[in-house]
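**Q** Dropping the structure in here first, questions after.
The values are calculated or read from the model by the stated rules, or taken from the named source; none is laboratory data. All figures in this text were calculated on a predicted structure; none of them were measured in a lab. Cβ placement follows ideal geometry from the backbone for every residue including glycine, while neighbour counts extend to all protein chains displayed.
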Amino acid sequence: MTYRLGVDVGGTFTDLLIIDEATGRTFRDKVPSTPQDPSIAVIEGARKICSDNGIKPEQIGLFLHGTTVATNAVLEGKIARVGLLVTEGYRHTLQIARSFVPGGLAGWIIWPKPEPLAPLECTIEAPERMAADGTTVRALDEAVLRERLQALKDSESIEALTICLINAYVNDAHEIRAADIAREIFPDIPITISSAILPEMQEYERTLTTVANSAVRPTVARYVNNLAGELGKWGMTGNLSLLRSDGGLQSAKKSQEAPVNLLMSGPAGGVAGAVWVANTAGFPNILTLDMGGTSTDVALIENGAARLRRDTSVGHLTVRASSLDVKTVGAGGGSMAYVPELTKALRVGPQSAGAMPGPACYGRGGATATVTDANVVLGYLPENLLGGSFKLDREEAKRAVQKIADALGISLMDAAAGIINIVNENMFGALRLVSVQQGYDPRDFALMPFGGAGPLHGNALARLMGSWPVVVPPSPGVLCAYGDATTRIRVEHQRSFNRSITKTSDAEVSRLLNEMSDKVSGDLEQESVPRSEQTLSLEIDVRYIGQAFEVPLTAQFADFQNGTGLEKLRAAFNTEHERLFTFNLDVEHELVNIRVIALGKPAHVKPEPIAKGDGNPKAARLRDHQMWINGRSHDAAIYQRSLLRAGDIIPGPAIVCEMDSTTVILDGNVARVDAFGNILLSEQ
């Protein structure tokens with residue numbers, strides 16, 4: 001018997017989920033995170049969930065892990081000191097960077113660019129030159145290169161080396177040879193070449209992405225090595241894979257070599273889980289809302305697939321690596337409310353109370369009002385959580401929120417409601433970024449809130465967005481681990497093509513696609529996925545000639561084989577460009593980059609149907625309750641989710657409790673339970 005174990009590390013809790021590959025049955029659990037060393041919670045949680053369910057470590061065939069190690073390394077500045085080798089004349093590539101500046105008023109201010117990840121004093125030049133067509137203009141002078149590499153070693157203490165030579169994306173011969181020489185001089189540090197990380201045009205983006213990969217490579221390698229070692233000691237012999245920013249998986253070995261693909265690994269797990277739930281629940285168009293203790297991540301799922309973007313942003317760093325189009329806002333259950341002395345206007349977040357001391361209602365010494373405290377005061381969050389094992393102190397929550405009320409000169413309940421309204425508006429703005437500002441009408445999408453705090457706010461946000469129904473999946477607090485466990489191994493290969501449609505042909509593109517397909521299929525075979533279990537897909541970046549940006553489009557291999565690919569690509573570009581910008585131009589189209597993606601076999605997991613009820617949820621009703629909504633107190637009821645049955649109807653106002661989350665149903669709304677236990681909130 002073989003199992004998949006998905007693990008997602010959060011700021012407060014580490015979520016775990018096991019899938020039985022034979023039956024599709026799932027097991028879920030949560031353990032406290034260990035920020036000082038995330039691997040501790042991962043190992044302890046794995047041991048606990050396996051022990052509780054009678055599963056031996058050797059039965060775990062796949063260990064699938066979403067991690068924020070690379071993200072935190074960038075945000076906290078705990079990165080390696082990187083040396084950089086470039087072509088002669090290109091030493092200042094990172095310093096010059098791009099001329100883009102933030103905001104419309106940036107032309108009137110001085111904008112200091114972020115410090116380059118590879119310092120200028122650690123940057124040396126290689127005497128060589130490759131032409132744009134891949135021919136050698138100047139051969140690599142190996143003797144001079146050795147001297148300069150040795151001088152770098154003698155003068156600077158670097159922890160990683162990046163090699164990024166001009167036009168290496170077309171011909172990487174000089175990069176490969178330079179790397180061989182560098183390994184002789186730097187035998188103990190990781191060396192990364194740009195043609196292995198991003199074989200695409202645009203020197204700055206290629207250099208920055210490869211340097212970023214080197215900057216986090218030692219940190220990620222140490223973490224993965226330590227985790228793999230501890231799992232081996234535990235007795236697990238299965239494969240360890242980590243979640244990529246684009247929602248796919250890559251092996252532990254590949255993760256150590258190309259950690260730049262892990263920068264958005266954490267948020268990707270929740271979106272991957274939401275995709276699976278959306279498809280099984282019959283809602284292919286979904287807006288996701290992953291609300292935790294510190295922040296909220298939102299994304300858009302269209303036709304059963306999450307939107308991808310061609311870059312990944314973490315803090316001030318933006319690299320050219322595929323990622324799910326996730327927007328993050330500093331709004332979570334622990335976000336603190338305050339009233340600035342100057343403006344006397346209520347503010348919420350982005351500062352967070354964290355897990356320690358946490359919100360005032362946790363009873364751990366916190367005295368500042370948070371979103372969680374406001375939910376407790378309003379009656380949206382019952383005092384007993386996690387099945388009664390975690391009790392909230394409502395009186396402490398009232399005392400904290402009363403400070404806000406006194407500062408504003410309003411009542412306690414109005415202050416609590418104000419905190420909730422502001423945090424909802426913050427999340428509303430993030431949801432608009434992935435919908436309205438991308439040309440989508442949110443009324444055409446359902447809303448899926450998850451995470452520990454998402455279902456508390458889902459109903460209110462659906463009213464703001466007009467997005468119905470609200471789909472609350474079973475165990476929403478561990479949906480990120482579900483995404484880790486159900487996603488697929490992914491390998492991607494890209495090439496810059498740079499041809500106008502009139503100067504190429506379907507046959508030429510088809511020949512290149514065959515070559516690239518063999519490459520990605522071979523790479524996936526090395527990940528123990530036979531070709532018979534692989535699925536290939538195709539993406540092509542297209543633009544008008546003269547444009548500075550491209551529009552990524554999906555395409556079909558068969559269209560280029562039968563001679564219709566380019567014409568269909570032109571039509572698809574016109575449709576997408578008009579949707580994004582409301583107009584098209586009578587200008588020739590240009591193919592820029594081509595990507596072929598290979599996916600492994602999906603997990604064998606099925607939604608678990610629940611027992612059918614008669615529509616009356618009286619067996620799940622725990623007690624009467626009071627909730628403050630729209631300026632007054634309402635009679636409500638609290639229900640236990642594990643006792644609900646398919647077809648049960650719950651009129652609002654009401655609260656549905658479960659181990660890892662709480663769902664609020666407002667007045668004027670009603671919840672229905674579908675055959676698989678999803679709670680569907682809609683307007684009455």
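**Q** Specify which of the listed residues (Leu231, Leu208) is among the aliphatic types (A, V, I, L, M) and assigned by TED's automatic domain parsing to the domain that holds Gly83.
**A** The unique qualifying residue is Leu208.
**Q** Let me ask another. If you check Arg222 against the conditions, is it of a type in the set (Lys, Arg) and out of contact with any Cys (no Cβ under 9 Å at 6 or more places or on another chain)?
**A** Against the criterion (of a type in the set (Lys, Arg) and out of contact with any Cys (no Cβ under 9 Å at 6 or more places or on another chain)), Arg222 qualifies.
**Q** Inside region 182-217, can you point out the residues that are in a loop (DSSP other than H, G, I, E, B) and either polar (S, T, N, Q) or over 27 Å from Glu147 (Cβ atoms) (or both)?
**A** Leu198, Pro199, Glu200, Met201, Gln202
**Q** Checking His493 against (1) part of a strand (DSSP E or B); (2) in contact with a Leu (Cβ under 9 Å, 6 or more places away or on another chain); (3) not small (Gly, Ala, Ser), only one condition comes out false. Which one?
**A** The number of the failed condition is (2).
**Q** Please state which one of Glu683, Glu590, Glu608 is of a type in the set (Asp, Glu), surrounded by 16 or more Cβ atoms within 10 Å (Cβ to Cβ) and within 32 Å of the chain's Cα centre (by Cα).
**A** Only one candidate passes the filter, namely Glu590.
**Q** Would you say Ser99 is under 23 Å from Ile79 (Cβ atoms) and either modelled with pLDDT of 95 or more or not aliphatic (A, V, I, L, M) (or both)?
**A** For Ser99, the condition - under 23 Å from Ile79 (Cβ atoms) and either modelled with pLDDT of 95 or more or not aliphatic (A, V, I, L, M) (or both) - is not met.
**Q** Here is a list of conditions, (1) modelled with pLDDT of 90 or more; (2) surrounded by fewer than 24 Cβ atoms within 10 Å (Cβ to Cβ), and Ala299 meets all of them except one; can you say which number that is?
**A** So the condition that Ala299 fails would be (2).
**Q** Let me ask something else. Mind listing just one residue for me: the one in region 399-452 that is farther than 30 Å from Ala367 by Cβ and of a type in the set (Gly, Ala, Ser) and, of those, surrounded by the most Cβ atoms within 10 Å (Cβ to Cβ)?
**A** Ranking the candidates gives Ala446 first.
**Q** Also, I was wondering about something else. Quick test of your reading of the structure: Ala460 fulfils all but one of (1) more than 22 Å from the chain's Cα centre (by Cα); (2) under 26 Å from Arg309 (Cα atoms). Name the failing condition by number.
**A** Result: Ala460 passes all but (2).
**Q** Which of the residues belonging to region 465-505 are modelled with pLDDT of 95 or more, crowded, with 24+ Cβ neighbours inside 10 Å and not small (Gly, Ala, Ser)?
**A** Within region 465-505, Val470, Val471, Val472 qualify.
**Q** Within the set of pairs 6 or more residues apart or between chains, which connect a residue that is touching a residue at least 60 places away in the same chain (Cβ under 8 Å) inside region 412-432 to a residue that is surrounded by fewer than 21 Cβ atoms within 10 Å (Cβ to Cβ) and not hydrophobic (A, V, I, L, M, F, W, C) with Cβ atoms less than 6 Å apart?
**A** Ala430/Lys327
**Q** On to the next question. Taking region 563-587 as the search range and keeping residues that are β-branched (Val, Ile, Thr) and over 28 Å from the mean Cα position of the chain (by Cα), which one is surrounded by the most Cβ atoms within 10 Å (Cβ to Cβ)?
**A** Top of the filtered list is Thr564.
**Q** Any idea which residue in region 340-360 is nearest to the chain's Cα centre (by Cα), counting only those that are without any contact (Cβ under 8 Å) to a residue 60 or more places away in the chain and over 20 Å from Ser33 (Cβ atoms)?
**A** Across region 340-360, the extreme among qualifying residues is Ala360.
**Q** Just to be sure before I move on: is Phe560 farther than 30 Å from Tyr3 by Cβ, touching a strand residue (DSSP E or B) at 6+ places or on another chain (Cβ under 7 Å) and aromatic (Phe, Trp, Tyr) in the structure I sent?
**A** no
**Q** Given (1) part of a strand (DSSP E or B); (2) more than 27 Å from the chain's Cα centre (by Cα); (3) hydrophobic (A, V, I, L, M, F, W, C); (4) closer than 27 Å to Ala281 by Cα, where does Ala598 come up short, assuming only one miss?
**A** So Ala598 meets the others, but not (2).
**Q** Given the criteria assigned by TED's automatic domain parsing to the domain that holds Arg138, outside any helix (DSSP H, G or I) and crowded, with 22+ Cβ neighbours inside 10 Å, does Ile163 qualify?
**A** It is true that Ile163 is assigned by TED's automatic domain parsing to the domain that holds Arg138, outside any helix (DSSP H, G or I) and crowded, with 22+ Cβ neighbours inside 10 Å.
**Q** Then there's this: When the residues of region 33-55 are narrowed to those that are in contact with a helix residue (DSSP H, G or I) (Cβ under 7 Å, 6 or more places away or on another chain) and farther than 21 Å from Gly483 by Cβ, which ends up surrounded by the most Cβ atoms within 10 Å (Cβ to Cβ)?
**A** Of everything passing the filter in region 33-55, Thr34 is surrounded by the most Cβ atoms within 10 Å (Cβ to Cβ).
**Q** Here's something else I'd like to know. Show me the strands (runs of 3 or more DSSP E) found entirely inside region 296-404 where at least 2 residues are more than 25 Å from Gly458 (Cβ to Cβ).
**A** 312-314, 317-319
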